[in-house]
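Taking it in order: structure first as structure tokens, then the write-up.
What follows is calculated from the coordinates using simple rules that are stated; it is not laboratory data. These numbers come from a predicted model, not from an experiment. Cβ atoms come from the backbone with ideal geometry, glycine included; neighbour counts cover every protein chain shown.
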Amino acid sequence: MWWAILVAAIAACGRIHFDGAPDSEALGDARVTNLTFMANAHPTGIAVGDYDADGKLDLAIANHAGATVSVLRGDGTGRFSAPVTYDANSNALAIVAGDFNEDGHLDVAVVNDSTNFAGVLLNNGDGTFGPWHGFQVQTTPQDLVATDYNGDGHLDLAVSARDAATVSVLQGDGTGGFASSGDFPVATSPRGIAAADLGNGHVDLVVAITTGGVDVLIGDGTSFAPYVAYATPAGSLALVLVDVDRSGRPDVITANGASNDASILLATGGGGLGTATNVAVGMDPFSVTAADFDGDGVDDLAFADSGANLVTVLHGDGAGHLVRPTTFPVGPTPEEVATGDFDGDGHADLAVGNDDGATITILLGPL
């Protein structure tokens, strides 16, 4: 099972700089701990993982304008080191972590939207990374997901390609190498992509369509069937798979930037989805992640509202509804949100990539 229900949240306020001098600054709710760290030009993707195997979560950042990957090592208190930067060959738009060469250490893969590559940087075993190795995909890749779609025990990559209106599937060989396993058509202008078994016993692919919609490609363990389209409002930029109605199946939640809302599509079994229910969020939601933010045992959703410099949290009620919106200020133009327990207190936290600020905001839980 390759879908995951993430755990995240937020709690009390201050800011930290690389010189170590704290700069206390209340940002909205007095309970919020808000820490800011430098990244590189236009951080548009975040992959959370323990890259140096010290038991503390780190951040790997895709820096789009910088054409780099930055790694910020966590100290287990919610603070991070200055970034160590690696060449990503060209504009790195999105990033995912996985042990692609099966040596027990997390590697990273990025998509390079200006050169039509998916690139892999292998971990040297100590949290540093080797050179970028690229694998050709279709035109203008936007996002990627790591999953073992064919059940051979090796991680593969699926990449959404905007201008080609396809998903490129790259089959992993377990050594860090990849080979094309086919390009699968989807609707015009795909962006966010996720993978899960939607109830048919195999890994399926779910794609957010920026012109409006969600496309599902049902897997059979060797390939994917033609996509089935489900309607959402225009501007579906990102999605996450999470069981919001506690049915035992992952549901689909999209962030719809053009309509300032989120769509909830409940899984019906066998790979099918129900009709979208839409709920308002903030201005221009660009990214979404899922977690039990308030510790009530029910998953919630957090959205990066790029047009308002906020994160909006919508709380799940366990019956498939999202209620009680709460907002938290972050940096300028947040375009990515990811989650993990960065301070080791048992509550998941949020990492937010601020595109125009070249910074990462850390919001420490619980919320």
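Based on every Cα atom in the range 312-367, Rg and the maximum pairwise Cα distance Dmax equal 12.6, 38 Å.
Averaging over all projection directions, the Cα-based convex hull of the chain occupies 15.1 nm² in the image plane.
Of all DSSP beta bridges confined to the range 104-148, the antiparallel ones make up roughly 100%.
Using a simple spin-label model with pseudo-atoms 7 Å out from Cα toward Cβ, A319 and T188 lie 4.0 nm apart. Shape of the range 231-367 from its Cα gyration tensor (a ≥ b ≥ c, root eigenvalues): rounded if a/c is under 1.5, otherwise prolate when a/b > b/c, or oblate? The shape class here is oblate. Look at the alpha carbon pairs under 8 Å that are at least 6 residues apart: their mean separation over the length of the range 237-308 gives a relative contact order of 27 percent. Our estimate of slack between S114 and T175, defined as 0.36 nm per intervening residue step minus the Cα-Cα distance, is 19.3 nm.
With a Förster radius of 25 Å, plug the Cβ-Cβ distance of T85 and D356 into 1/(1 + (r/R0)^6) and report the FRET value to the nearest 0.05. According to the calculation, E is roughly 0.85.
A full extension of the chain between T128 and D345 corresponds to an added length of 75.5 nm, given 0.36 nm per residue minus the alpha carbon distance. In this Cβ point-charge picture (+1 for Lys and Arg, -1 for Asp and Glu), the range 213-298 has a dipole of about 220 debye about its Cα centre. Placing a pseudo-label 7 Å from each Cα along the Cα-to-Cβ vector at A53 and A41 gives an inter-label distance of 3.5 nm. Diffusion coefficient of the range 60-168 by Stokes-Einstein, Kirkwood radius over Cα pairs, 4 °C, 1.567 mPa s: 91 µm²/s. Considering the range 155-198 at the alpha-carbon level, its Rg and Dmax are found to be 11.2, 34 Å. Expressed as a whole percent, the proportion of Cα-Cα pairs in the range 46-85 lying more than 12 Å apart is 54%. Given +1 at the Cβ of Lys and Arg, -1 at the Cβ of Asp and Glu and no other charges, the dipole of the chain around its Cα centre is 680 debye to the nearest 20.
If R0 is 41 Å, the Cβ-Cβ spacing of T222 and T275 corresponds to a FRET efficiency of close to 0.85. Can you find, among G104, L35, T175, the residue farthest towards the positive end of the dipole of the chain? Put +1 on the C-beta of Lys and Arg, -1 on that of Asp and Glu. Most positive-ward Cα: L35.
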